[in-house]
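Bear in mind that the values in this text are calculations on the coordinates, not laboratory data. Given the structure is predicted, the values throughout are model-derived calculations rather than measurements. With ideal geometry, Cβ positions are generated from the backbone for all residues, glycine too; neighbour counts draw on all protein chains shown.
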Amino acid sequence: MGFIKIGRLGTAHFHEYGEGSKPMLAFHGYGMTGKQFHVLKNSVLKKFHVYGFDHFFHGESRLHDLTEQEILAGMPRAQVREYAEQWLKQYGWQRFSVMGYSIGANLALILVEEFPTLIDEVILMAPDGLFVYRGFDILRNKRWGRYLFKSLTKSKWLAPAMLKGLRRVRFIDESLYQIAYSEMDTEQKRLDVYYTLNLIKLLTPNIVHIAHLINKHHIPCKLIFGKHDELFPKKEAMPFINLLKTADVHEVPLGHWLVTPSLDEYLTNLAISHEAGAQK
């Protein structure tokens, strides 16, 4: 494990694991840490040595003394570049891969945009960043949405009641409901949600440019979606997928909660199948 400084924003912590020799910078989903991809031990971790970063307000990553106003203003896109720059300073200038799950995909995609000639491979799981998720947009950018979002952090009953309502009308699936509900049972957790989603609100990848770079530099790109994911489903990512010349796209029988031993088994069997096909 280690730490890198992200400008005046703070200090990001990362975990190291994996049996493979190829370096991969990885970014987890909300409520997890950089160790989230540990469960992919028979697939991803056989090939890669993962540097899994904790998001701010997660794990051991710590912001400097920013005011609430500075946090709510959002993290500038340029500071995502520093994840790779600082890592390269520590480990030497070299090629690397990127992986992102859910909100972590935003950072992975931006690194593709910033370092296209150094990227070996891209793996995205239930990725945010390929389209604008209406719910996040309302909570972060609409005046009434911002007011509602802040109110949710102060109320013990409002957030759980709203989540139950969203589940009832199938705006969110059961797996996402369980994730969100577990992050709403204390005021500090609700505040962390509020700060996290506002901090990353400026991290919008340029998907047209990224697709062009992936095609130009022949970067292998694997996209994995949950068949029952109501938050970031495959259908919403089709405009991006259609821009790619050789996208490796998979839809597995899971919801948004995708980084599981079941996914590890799926990817392992997929690799075995490809090897068998190559030997014929």
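Which of the pairs Lys41/Lys222; Lys35/Lys227; Lys5/Lys216; Lys46/Lys164 have their Cα atoms more than 29 Å apart in this structure? Beyond 29 Å between Cα atoms: Lys5/Lys216; Lys46/Lys164. Under 5 Å from the amide H of Leu202 lie the amide H atoms of Met75, each residue being 5 or more positions distant or on a separate chain, with H modelled from the backbone and absent for Pro and chain starts. Only aspartates and glutamates eight or more places from Lys47 in sequence, or on another chain, were considered; those with a Cα closer than 16 Å are Glu16, Glu19, Asp120, Glu121, Asp264, Glu265, Glu275. So, counting K/R as plus one and D/E as minus one, what does the shell of residues with Cβ under 12 Å around Gly34 add up to? Residues close to Gly34 contribute a combined charge of -2.
When each of the peptides 191-201, 65-75 is scored by the mean number of other C-beta atoms lying within 10 Å of its residues, the order from highest to lowest reads 191-201, 65-75. Here the peptides 5-18, 207-220 are ranked by packing, the mean other Cβ count within 10 Å, and the order with the highest first is 5-18, 207-220. Give the residues of the stretch 33-54 whose amide nitrogen is closer than 16 Å to a point set 7 Å from the Cα of Ala271 in the direction of its Cβ. Counting backbone N atoms under 16 Å from the label point, the list is 37-51. Across the stretch 228-242, computed HN-Hα scalar couplings (Karplus, 6.51 cos²θ - 1.76 cosθ + 1.60, θ = phi - 60°) run 9, 7, 8, 8, 10, x, 4, 4, 6, 8, 4, x, 6, 4, 5 Hz from first to last residue, x flagging Gly and Pro.
For Val39 and Asp120, the FRET efficiency from 1/(1 + (r/R0)^6), where r spans their Cβ atoms and R0 equals 25 Å, is about 0.65. Close amide H contacts of His55 (hydrogens built in the peptide plane, cut-off under 5 Å, sequence separation of 5 or more or a different chain): His28, Gly34.
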